[in-house]
Amino acid sequence: MTEISQPLEKATTPKARRKPIKWSVVGDHTVLILGAILMVLPVFMVFATSSHDKIEIARNGMQFGFGDQLAVNYGKAMFEKGGFTDTVDGSLMLMNSLILGFGFAIGKIIISMMAAYAIVYFRLRFATLAFWVIFTTLLLPLEVRILPSYEAIQRLGMANTYSGLIIPLIASATGTFFFRQFFRSVPEELVEAARIDGAGPVKFFIDILVPLSRTMIAAIFIIMFVFGWNQYLWPTMITTEESMFTLVRGIKQITQGVIDSNDIPEFGQALALSIIAIIPPVLIVLFFQNWFVKGLTESDK
Amino acid sequence: MAVVKLNAVGKTYPNGFEAVKPSSFTIADGEFVVLVGPSGCGKSTLLRMVAGLEEITAGTLNIGDREVNDVDPADRDIAMVFQNYALYPHMTVRKNIGYGLKNRGTTADTIEAKVQEAAKMLNLTELLDRKPSQLSGGQRQRVAMGRAVVRDPSLFLFDEPLSNLDAKLRNQMRIEIKALQRRLGVTSIYVTHDQVEAMTMADRIIVLNSGEIEQIGTPAEIYHSPASTFVASFMGAPPMNLIEARVEEGEIRVNGGASIGPAGRCPSGPIQLGVRPEDVELGGAGQTPFDISIVEELGAHRLLHGHLGGQPFTVHVGKEVAAAPGTTQIHLKPEALRLFDSQTGKAM
């Protein structure tokens, strides 16, 4: 901001027009640019390499320049049926991943909002205890309960279904905690005004609490979507049919399949799928980020 | 429109704290009653019990001819205005005002008509599509009023609605609320800790102190004949002068000095003497010495702070009365003297 006003003041003396170099700004920007390059370079290399054919990649490794196989690799990655059963292609896996990501995020938001609502607004016996029990499950990641969960889902006949993929994961201590903190900051008088206005518990939740929490929902949606999208272990266990594979899992499958048959792995296609797998989370973050920041700055309560 | 009847209504919290001692009073149809008292005196609790936001642990409450102890707030036919307005921040003014009607299943056309009517009454028509965050304090207050008015309730409840406004706006809103209540003729209960609001707005004032009713009366009664030293010192600015005195042979004396006035049928012994600062005359027939130490110049009048018989005392005189620090003789109007029991503080 300061740079903008300075040229105006100095416009009268033409000699002094050249701005003195601010070394601190240069230093800051150098650090930032280096950091950005460090972060983006691997992604760029994956992208560049995904435009070469598999022989080139196998011979020379990762590439900085672009090859001529870009369209071919992406086309094959997305639409060529692969795997043992020849039933799964990239677009199907993308679809599966999106279902998992959205189901996971939306499910977590619904469950944790309702849990927090019950804990904060109803005079339950042991509500605080219940909250802390939920909270301590933060200490138990999915991996700890993965065998019993698998056993249960398997017996319920939910293996290889979307519900089996999503439902065991949607209880969220993090979400419950954030919503609880948020609900507690909603003024008591708002609740009372709604009561006098004749809004019952369900109406209050839907008409008042959900709209008030929309920035919170956006924030948790970002986190949870990316978290769900990147799930690897649980989908690997619960989906054995290839038509249920998610992208993150499928990338490995492409290379895996060909290694077994003693051919050169389709590195180009695998890398193309990696790039495709990066895009949806990036879009989600970009889309919600705007809303999220706006909600944070424009205090509404 | 309704008569509100409290019969020994009290509130005891589960931890044994008695916030409101059993209190009984009746509010007439269309009457504007102000509950006033210092913080923590139980006035808000009492109001919230009438609203149904706080459970009544003793006694019965009637609104109209219905006992409403166990009736949900939404079904008590009341409307409440909160101290911080409690507007729904994500709704426009129009939706804020209409929300209560919508929940009662009113048709959209009727809601719109009623909202328009209420908005017109409160000068909110241009603001209907704004959000509460785009309104000033006074406008928000009016939206909160609109939300109450639109429902056409039989009872208005106000919980310190003006305490978040600046002084000028407060005076203006005070008049607006009072005028609106007059026009609509709705029975109202108004809670405040500001004795000026209580005096100016009320048909009747109920003074509360530590969960107990000290006095119920019209503003004039409360002001001129306080039932206790608490009421005397709480109502009025500056408050009533209260000084230690003795009754001897039917005469009131301070520190063994000359008689200040007749004590009527009050028995001999120590008392507390109360006299309003404006019920004192300087000079003339006065024979009570008053040491003025500070003169507060207020334009239309002056406040003289000093000591009478060694005890703090304040005199209120018109601007035409000259005064300077020093000792002067004053005359206390005998008919304005109020005697209180020195032990209990109750009026004698």
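Considering every residue within segment A:63-70, establish whether at least one is at positive phi and outside any helix (DSSP H, G or I). No; the residues of segment A:63-70 include none that is at positive phi and outside any helix (DSSP H, G or I). Filtered by the rule that a residue be farther than 21 Å from B:GLU67 by Cβ, open to solvent by 50 Å² or more (accessible area, probe 1.4 Å) and not charged (D, E, K, R), segment B:1-21 gives B:TYR13, B:PRO14, B:ASN15, B:GLY16, B:PHE17. For B:ARG130, the conditions (1) away from every other protein chain (no Cβ under 11 Å); (2) surrounded by fewer than 17 Cβ atoms within 10 Å (Cβ to Cβ); (3) in a helix (DSSP H, G or I) all hold with the exception of (3). Listed by first and then second residue, the pairs with beta-carbon distance under 7 Å, at least 6 apart or on different chains, first residue in segment A:41-60 and part of a helix (DSSP H, G or I), second exposed (fewer than 13 other Cβ atoms within 10 Å of the Cβ), are A:MET45/A:PHE64; A:ALA48/A:PHE64; A:ALA48/A:GLY65. Annotation note: Cβ proximity below 7 Å between a residue of segment A:96-110 that is of a type in the set (Ser, Thr, Tyr) and a residue that is in a helix (DSSP H, G or I) (sequence gap 6+ or interchain) occurs for A:SER97/A:TRP229; A:SER97/A:LEU247; A:SER97/A:VAL248.
Across segment A:183-203, the number of residues qualifying as within 14 Å of chain B (Cβ to nearest Cβ) and either under 21 Å from A:GLY101 (Cβ atoms) or touching a residue at least 60 places away in the same chain (Cβ under 8 Å) (or both) comes to 5.
For segment A:129-152, state whether one or more residues are of a type outside the set (Lys, Arg), outside any helix (DSSP H, G or I) and without any contact (Cβ under 8 Å) to a residue 60 or more places away in the chain. Scanning segment A:129-152 turns up at least one residue that is of a type outside the set (Lys, Arg), outside any helix (DSSP H, G or I) and without any contact (Cβ under 8 Å) to a residue 60 or more places away in the chain. Determine, yes or no, whether B:ASN84 is within 24 Å of the chain's Cα centre (by Cα) and under 19 Å from A:PRO187 (Cα atoms). Against the criterion (within 24 Å of the chain's Cα centre (by Cα) and under 19 Å from A:PRO187 (Cα atoms)), B:ASN84 qualifies. If you check B:SER23 against the conditions, is it touching a residue at least 40 places away in the same chain (Cβ under 8 Å) and out of contact with any Asp or Glu (no Cβ under 7 Å at 6 or more places or on another chain)? Answer is yes for this residue. Scanning segment A:215-222 for any residue that is in a helix (DSSP H, G or I) and more than 27 Å from the chain's Cα centre (by Cα) turns up nothing. Once segment B:22-53 is narrowed to residues that are in contact with a helix residue (DSSP H, G or I) (Cβ under 8 Å, 6 or more places away or on another chain) and more than 14 Å from chain A (Cβ to nearest Cβ), the residue that is most open to solvent (accessible area, probe 1.4 Å) is B:PRO38. Inspect all residues belonging to segment A:204-212 and state whether any of them is out of contact with any Pro (no Cβ under 7 Å at 6 or more places or on another chain), within 23 Å of A:ASN290 (Cβ to Cβ) and either more than 12 Å from chain B (Cβ to nearest Cβ) or not hydrophobic (A, V, I, L, M, F, W, C) (or both). Taking every residue of segment A:204-212 in turn, at least one turns out to be out of contact with any Pro (no Cβ under 7 Å at 6 or more places or on another chain), within 23 Å of A:ASN290 (Cβ to Cβ) and either more than 12 Å from chain B (Cβ to nearest Cβ) or not hydrophobic (A, V, I, L, M, F, W, C) (or both). Regarding B:GLN181, is this residue part of a helix (DSSP H, G or I), over 28 Å from B:ALA58 (Cα atoms) and in contact (Cβ under 8 Å) with a residue 60 or more places away in the chain? So B:GLN181 fits the description; yes.
When the criteria are applied in full, B:ILE216 meets the requirement of being open to solvent by 30 Å² or more (accessible area, probe 1.4 Å) and in contact with a strand residue (DSSP E or B) (Cβ under 6 Å, 6 or more places away or on another chain).
The values are calculated or read from the model by the stated rules, or taken from the named source; none is laboratory data. Predicted model only: the values in this text are computed from it and were never measured. With ideal geometry, Cβ positions are generated from the backbone for all residues, glycine too; neighbour counts draw on all protein chains shown. We work out accessible area using only protein heavy atoms, side chains counted, and drop any ligands, DNA or RNA first. Shrake-Rupley method; radii C 1.70, N 1.55, O 1.52, S 1.80 Å.
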